[in-house]
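Colleague: First, the structure itself, so that you have it in front of you.
The values are calculated or read from the model by the stated rules, or taken from the named source; none is laboratory data. Please read all numbers here as calculations on a predicted model, not as lab measurements. Please note: Cβ atoms are built from the backbone with ideal geometry, for glycine as well, and neighbour counts cover all protein chains shown. Just the protein is used for accessible areas: all its heavy atoms, side chains included, with ligands, DNA and RNA removed. Shrake-Rupley method; radii C 1.70, N 1.55, O 1.52, S 1.80 Å.
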Amino acid sequence: MPPLDIILAGFADALTLWGLLFVIVGVVIGQIVGAIPGIGPIMAMAIAIPFTFTLDPLFAISFLVGINKGGLFGAAVPAILMNTPGTPDAAATALDGYPLARSGKPYKALRIALFSSVTGDTASDIVLILAAAPLALLALQAGPVEVLALLIFAFAVVSGLVGRSLIKGLIATAAGLLLATVGLDPEQGSPRFDFGFFELYDGVSLVAVAVGMLAFAEILRRLALGWTAREVARPAAAPQTGGPADRRVSLAEYLSCWRELVRGALIGIGVGALPGLGSTAAAFMSYAATKKSDPGPVPWGQGNLRGIAATEAANSAVVGANLIPLLGIGIPGSIAAALLISAFMIHGIQPGPLLFETQARLIYGLFGAMLMANLCNLIVGQASLRLWAWVVRAPETLILPAALLACIVGVYLSSGGLFGVWIMLMAAVLSLVMTATGFPVIVFIIAFFLGERFERSLSQSLVILNGDPLALRDHPVALLLLVASGAVAVWMRR
Amino acid sequence: MKRLISAALGLALMAAPALADWAPDGPISLWIGFGAGGETDTLGRLLASEMSETTGWDIVVENRPGGGGMAMFTQLSVAEADGQTLGMGVTMPVLVNLTVRPDEVPFTLDSFDYLGTVALAQVGIIAPADAPYDTLSELVTWSQENGGALVGFDARPQELLMRFVDAETGAGFRLVSMESSAEGLQNVLGGHVQAAFTAGVHIPSMEAGDVKMIASANAQRHSYAPDVSTVQEQGYDIFVDPWFYVAAPAGLPEDAATALADAMRAALDSETMTEVIERTMNTEPGDAGPAETREMLDAGLENAARLFAN
């Protein structure tokens, strides 16, 4: 660890009026783009990077970190209020968040999500600040074989967790993996299932599928309902009812979630430290662990505060932990982290093992900015949840078409044209069919998201193990995870 | 006041044609053949903002990802050749596809007019610092003695280069496909593979003494590691040279082609771009103009044919 005066100087650099301003603007932008389906913080960061070139490096990076952190809470807002997650990261939050909002307590649902998000984020930032370098070295020990075993474990957990039957969950997983095989294969580079479309060479667009299946399908479903019900002025989300206790989250209520918060933060940090797994899987794994405990008075999936706490703490904890491999060894743990690397690099800073020696002051400035961003997220979030709740009180006839338009524009922009919009429409139809037949949509999406990584780990492992299953003996952690996957599947069988 | 404005307007009108004979009729789209956040995207967005600053043109960057730029070039080949639609991509995936499946690719090198190169990606082969081999040739020997070395790669031409070496030496390499240079570095640092191809991401780890470079896979040695010889210098007649370049649909009006190429050259020569390319790619901006870029692509196609002959 560098000398204390450098650490303090770094923090002092961040905690200035200008620093605060950039972080606040970043958080506000992040919360807005996170809440609009189809755009998301990743795209906002990519667009913002060239504009940050003329800024001071610390302000530039603080601004981007603000967008990233704001985006994660922003995504939870539509998930809770309208069951249409802004990004897949918040899909798990909708499981308990939406029922709670529907029961007339949208403010309470949003607040617990905000508090849990900030808690998970802060915990993860503190771990990052205290132990980035050693944790990064530890994460290096996980090679392709271990990652493959971890992915299988994640599939087992998620298949068993969501939906009514394990078998249907496994079928959805297999279907998601199958969709992920579209595009150039990672081994030979030959196109698969492309039907002559060059647009499919890199696979089916993740954004188009996620927005189509999660947001677009839900909007279509509601439009159809509204059509048949012939109600004109129905509000888009249930209004707040009840007294002040139904608006607020009391300290006792917050503390009653402590197990979920701690467990969620730990899962998020673990998943975040390993490059490439992502916060969606972390949120669901945390929810799975929580769901096995006693729910108390409110059953799981019907508006349980602890369910929201578990998912939001986990998905937000991934963000800070994603920087562990970035700052520790210069390897990005996610797309957002890769964008931060390019922001570092255009300012002439090469992330890597020497970063703490050569740029200690900047790094501690970044840490200061991250903590400040968490605080801003809390304050801006408190203010904006009123705004959001007010927005969705508008009639459905106004909100739903606007949301549809946002989906189409967002997908058009991020997937490069109308082709992505068609994919989104097909994904929405698939989602409606799956829901009607009892197949869990989110399991399909997680498998699809991790499919590429799964296939690559599998092909890497086969080369490394030389095709010999007995070679697994040299990989005890992987072996343990594989056994655990089988056990989890049996344990969670319904 | 009015007179001042009209005088300024008159001056501006007179000055404009002196700068360039051609001006776009509305915004120019610069299509990026990759998703947001990659090297191509970062370079492209900076190039666009630098070009708009020096020329005053509106340049809008659009990501058109798919197939390492193939989706974008396919659309570009049928776009209107009015100089208002440009595309930025990387040579290697285009050349590989034109070599391997020319019948399926709906364009040829003739489908485009070329504006110039932006930068060269420097690709190196790295190994853990304490590995018992210091060069590719020594890795070959190690591999022969230890039942096949695991080598990570993240692009098809790199794999072909290793297969070429393997065919010549019987090294028995076991090639592991990686998503990116970063994943290759991670696997070298974690000791999961014996060597890997990486493009620049390894430099800090090299400075920290965690990894070493055993060869440059380009035709030249790398500016930051002048002591490390190329694969060619070590006796294997093969290399990979991925260039970032900008193209337009074929049939560009001559004045537009000149104006665009000049604007791009001016932007690349600016201090900002030189600095950014030096920082992100560890190299200077590419200096090939329209004709040289085309020649380089023709030569690259021949090199790709050689890579795939094995």
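Colleague: When only alpha-carbon atoms count, how far does region B:124-216 stretch along each of its three principal axes, as whole angstroms with the largest first?
Modeller: For region B:124-216, the Cα spread along each principal axis is 33, 27, 21 Å.
Colleague: Hey, another quick one. Plugging the Kirkwood radius over Cα pairs into Stokes-Einstein for the protein assembly as shown, at a temperature of 4 °C and a viscosity of 1.567 mPa s, what D comes out in µm²/s?
Modeller: Working: Rh = 27.5 Å.
So the translational diffusion coefficient is about 47 µm²/s.
Colleague: Per the helix-only calculation at 222 nm, which mean residue ellipticity applies to chain B, given -39500 (n - 2.57) for every DSSP H run of n ≥ 4 and division by its residues, nearest 500 deg cm²/dmol?
Modeller: The helix-only estimate for chain B comes to -14000 deg cm²/dmol at 222 nm.
Colleague: Taking 35 Å as R0, compute the FRET efficiency from the Cβ-Cβ separation of A:Ala174 and B:Gln232 and round it to 0.05.
Modeller: Values: r = 46 Å, r/R0 = 1.32.
The pair A:Ala174/B:Gln232 has a calculated efficiency of 0.15.
Colleague: If you roll a 1.4 angstrom probe over the protein chains with everything in place, what fraction of the accessible area of region A:39-135 belongs to carbon and sulfur, to the nearest %?
Modeller: 72
Colleague: Now a separate question. Given charges of +1 on the Cβ of Lys and Arg and -1 on the Cβ of Asp and Glu, with all other atoms neutral, how large is the dipole of chain A about its Cα centre, in debye to the nearest 20?
Modeller: Working: 27 positive and 26 negative charges, 349 e Å.
In debye, rounded to 20, chain A gives about 1680.
Colleague: Taking only protein heavy atoms into account and a 1.4 Å probe, give the accessible area per residue of chain A in Å².
Modeller: Details: 19080 Å² over 494 residues.
Computed with neighbouring chains in place, this is 39 Å² per residue.
Colleague: Now for a separate question. Please give me, ordered by residue number, the chymotrypsin sites (Phe, Trp or Tyr not before Pro) of region B:190-282 that lie in loop per DSSP and have at most 16 other Cβ atoms within 10 Å. Show your work: numbers first, answer last.
Modeller: Working: sites: B:Phe197, B:Tyr224, B:Tyr236, B:Phe239, B:Trp243, B:Phe244, B:Tyr245; in loops: B:Tyr224, B:Tyr236, B:Phe239.
When the chymotrypsin sites (Phe, Trp or Tyr not before Pro) of region B:190-282 are filtered for loop state and at most 16 Cβ neighbours within 10 Å, B:Tyr224 remain.
Colleague: Hey, if you drop one equal point scatterer on each alpha-carbon of region A:14-71 and run the Debye formula without solvent, what base-10 log of I(q)/I(0) do you get at q = 0.18 Å⁻¹?
Modeller: -0.51
Colleague: Okay, moving on. From the helices alone, meaning DSSP H stretches of at least four residues, give me the mean residue ellipticity at 222 nm for chain A, per-run term -39500 (n - 2.57), in deg cm²/dmol to the nearest 500. Can you show the working numbers first?
Modeller: Numbers: 22 runs with 346 residues, N = 494.
After summing the helix terms and dividing by the residues of chain A, the value is -23000 deg cm²/dmol.
Colleague: Now, a different point. With angles folded into 0 to 90 degrees, how steeply does helix B:156-169 sit against the dominant principal axis of chain B? Use alpha carbons for both and round to 10.
Modeller: 30
Colleague: So, in Å, what gap is there between the alpha-carbon centers of region A:295-321 and region B:48-62?
Modeller: Answer, in whole Å: 46.
Colleague: In square angstrom, what is the accessible area per residue of chain B with a 1.4 angstrom probe? Intermediate values should be presented prior to the final figure.
Modeller: On the way: 12260 Å² over 310 residues.
Solvent-accessible surface per residue comes out at 40 Å².
Colleague: Now for a separate question. What FRET efficiency do you get for A:Val483 and A:Ile167 if R0 is 25 Å and r is their Cβ-Cβ distance, rounded to the nearest 0.05? Walk me through the numbers before you get to the answer.
Modeller: Values: r = 21 Å, r/R0 = 0.84.
It comes to 0.75.
Colleague: Please state the equivalent ellipsoid semi-axes for chain B: what are the square roots of 5 times the Cα gyration tensor eigenvalues, largest first, in whole Å? Provide the component values of the computation, followed by the final result.
Modeller: Numbers: eigenvalues 347, 89, 44 Å².
Semi-axis lengths for chain B are 42, 21, 15 Å.
Colleague: Let me ask something else. Counting only C-alpha contacts under 8 Å and six or more residues apart, can you give the relative contact order of chain B as a whole percent?
Modeller: Details: 578 pairs, mean separation 81.1, N = 310.
Value for chain B: 26 percent.
Colleague: Here's another thing I want to ask about it. If you roll a 1.4 Å probe over chain B with all protein chains in place, what percent of the accessible area is carbon or sulfur?
Modeller: Values: 6340 of 12260 Å².
Its accessible area is 52 percent carbon and sulfur atoms.
Colleague: Using +1 at the Cβ of each Lys and Arg and -1 at the Cβ of each Asp and Glu in the protein assembly as shown, identify which of B:Ala79, A:Val211, B:Met206 lies farthest towards the dipole's positive end.
Modeller: Highest projection toward the positive end goes to A:Val211.
Colleague: Between 0 and 90 degrees, rounded to the nearest ten: what's the tilt of helix B:91-100 against the longest Cα principal axis of chain B?
Modeller: Its long axis makes an angle of about 70 degrees.
Colleague: Quick one: compute the contact order of chain A, relative version, from alpha carbon pairs under 8 angstrom and 6+ residues apart, as a percent. List each step's numbers first, then the result.
Modeller: Working: 962 pairs, mean separation 149.0, N = 494.
Relative contact order, chain A: 30 percent.
Colleague: While we're on this one: Mind checking which of B:Trp142, B:Gly66, B:Ala304 is farthest towards the positive end of chain B's charge dipole, using Cβ charges of +1 (Lys, Arg) and -1 (Asp, Glu) about the Cα centre?
Modeller: About the Cα centre, the residue reaching furthest to the positive side is B:Gly66.
Colleague: Now for a separate question. For A:Lys108, list the aspartates and glutamates whose Cα falls under 13 Å from its own Cα; do not include residues on the same chain fewer than 8 positions away.
Modeller: Counting by Cα, and skipping residues close in sequence, A:Lys108 has these aspartates and glutamates nearby: A:Asp96, A:Asp246, A:Glu253.
Colleague: Still on this structure, I have one more. How big a patch of accessible area, both sides summed and in Å² to the nearest 100, lies buried between A and B at a 1.4 Å probe? Can you show the working numbers first?
Modeller: Working: alone 21040 and 14150 Å², together 31340 Å².
Buried: approximately 3800 Å² between B and A.
Colleague: Next up: For A:Asp474 and B:Glu302, what does the FRET efficiency come to when R0 = 35 Å and r is the distance between their Cβ atoms, rounded to the nearest 0.05?
Modeller: E(calc), rounded to 0.05, equals 0.20.
Colleague: Given the C-alpha atoms of region A:86-197, compute the convex hull and give its volume per residue in Å³. If you can, show how the numbers build up before the last one.
Modeller: Working: hull volume 20.3 nm³, N = 112.
Normalising the Cα hull of region A:86-197 by residue number yields 181 Å³.
Colleague: Also: Accessible area drop of at least 30 Å² (1.4 Å probe, protein heavy atoms): which residues of region A:154-196 qualify, relative to the chain alone?
Modeller: So the qualifying set is A:Glu187, A:Gln188.
Colleague: Helix B:39-55 against the longest principal axis of chain B: what's the angle in degrees, Cα atoms only, rounded to the nearest 10?
Modeller: That helix lies at roughly 20 degrees to the long axis.
Colleague: Follow-up question, since we're still on this one. Which is the longest part of chain A that has none of the chymotrypsin sites (Phe, Trp or Tyr not before Pro) sitting in a DSSP loop with at most 13 other Cβ atoms within 10 Å?
Modeller: Values: sites that count: A:Phe193, A:Phe195.
Longest gap between qualifying sites, sites excluded: A:196-494.
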